[in-house]
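Worksheet for the structure shown next.
The values are calculated or read from the model by the stated rules, or taken from the named source; none is laboratory data. Just so it is clear, the model here is predicted, and its values are computed rather than measured. Ideal geometry is used to build each Cβ from the backbone, glycine not excepted, and the neighbour counts take in all protein chains shown.
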Amino acid sequence: MSKVKTNWHTKPLHEPKTGLALNAYKRFLNNQGLRYETIGLYMGRVGKFLEFAHSIEPHTSKADEFREFLIDQGLSASHINNTCFAIKMNYEMKGIN
């Protein structure tokens, strides 16, 4: 199994509303009864997705593009599945299936 490549160079979020969107997502996950660690993990994954999509309301086709991007990065199936589930929960919060 290959190692996950980590980029320690952080980039500022250019969309100030991203923080608001993630706070709403955090409240949603908390209301769903998820553990604190899981909420932090999902928020990070959705934050990366929103950064990738350059939008706080990305179309579902962007989720497919992001999944392909993750696969191309050679990430583990577990990482990809957790990320996709976090994104799915974000769309569920917004009433999008």
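Out of Ile39, Ile96, I need the residue that is assigned to a helix (DSSP H, G or I), without any contact (Cβ under 8 Å) to a residue 40 or more places away in the chain and either loosely packed, with under 14 Cβ neighbours inside 10 Å or not small (Gly, Ala, Ser) (or both). Which one?
Working: Ile96 fails: assigned to a helix (DSSP H, G or I).
Unique residue meeting the criteria: Ile39.
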**Message:** Residues to consider are Thr10, Thr18; find the one that is modelled with pLDDT under 95 and surrounded by 15 or more Cβ atoms within 10 Å (Cβ to Cβ).
**Reply:** Thr18
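Can you tell me which residue is surrounded by the fewest Cβ atoms within 10 Å (Cβ to Cβ) among those in segment 21-36 that are in a loop (DSSP other than H, G, I, E, B) and in contact with a helix residue (DSSP H, G or I) (Cβ under 9 Å, 6 or more places away or on another chain)? If you could, list the steps in order and put the result at the bottom.
Taking segment 21-36 and keeping what is in a loop (DSSP other than H, G, I, E, B), we get 32-35.
Next, only the ones that are in contact with a helix residue (DSSP H, G or I) (Cβ under 9 Å, 6 or more places away or on another chain) stay: 32, 34.
Values: Gln32: 12, Leu34: 16.
Among those that are in a loop (DSSP other than H, G, I, E, B) and in contact with a helix residue (DSSP H, G or I) (Cβ under 9 Å, 6 or more places away or on another chain), it is Gln32.
Quick check on segment 9-18. Is at least one of its residues part of a helix (DSSP H, G or I), out of contact with any strand residue (DSSP E or B) (no Cβ under 6 Å at 6 or more places or on another chain) and not aliphatic (A, V, I, L, M)? First the steps, then the outcome.
From segment 9-18, those part of a helix (DSSP H, G or I) are 17-18; that's our starting set.
From what's left, out of contact with any strand residue (DSSP E or B) (no Cβ under 6 Å at 6 or more places or on another chain): 17-18.
Still in the list and also not aliphatic (A, V, I, L, M): 17-18.
Among the residues of segment 9-18, at least one is part of a helix (DSSP H, G or I), out of contact with any strand residue (DSSP E or B) (no Cβ under 6 Å at 6 or more places or on another chain) and not aliphatic (A, V, I, L, M), which makes the answer yes.
Return the residues of segment 42-80 that are of a type in the set (Ser, Thr, Tyr) and either surrounded by 14 or more Cβ atoms within 10 Å (Cβ to Cβ) or farther than 19 Å from Thr18 by Cβ (or both); say none if nothing qualifies.
If the condition is that a residue be of a type in the set (Ser, Thr, Tyr) and either surrounded by 14 or more Cβ atoms within 10 Å (Cβ to Cβ) or farther than 19 Å from Thr18 by Cβ (or both), then Tyr42, Ser55, Ser61, Ser76, Ser78 are the ones that fit.
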**Subset of segment 81-93 that is within 9 Å of the chain's Cα centre (by Cα) and under 16 Å from Asn23 (Cβ atoms) - its residue that is surrounded by the fewest Cβ atoms within 10 Å (Cβ to Cβ)** = Ala86
**Request:** Determine the pairs where a residue that is assigned to a loop (DSSP other than H, G, I, E, B), located within segment 56-68, has a partner that is of a type outside the set (Gly, Ala, Ser) with Cβ atoms under 6 Å apart, the partner being 6 or more residues away or on another chain.
**Result:** Ile56/Lys17; Ile56/Thr18; Ile56/Leu50
**Prompt:** When residues of segment 67-92 are filtered for being within 15 Å of Lys48 (Cα to Cα) and of a type in the set (Gly, Ala, Ser), how many remain?
**Reply:** 1
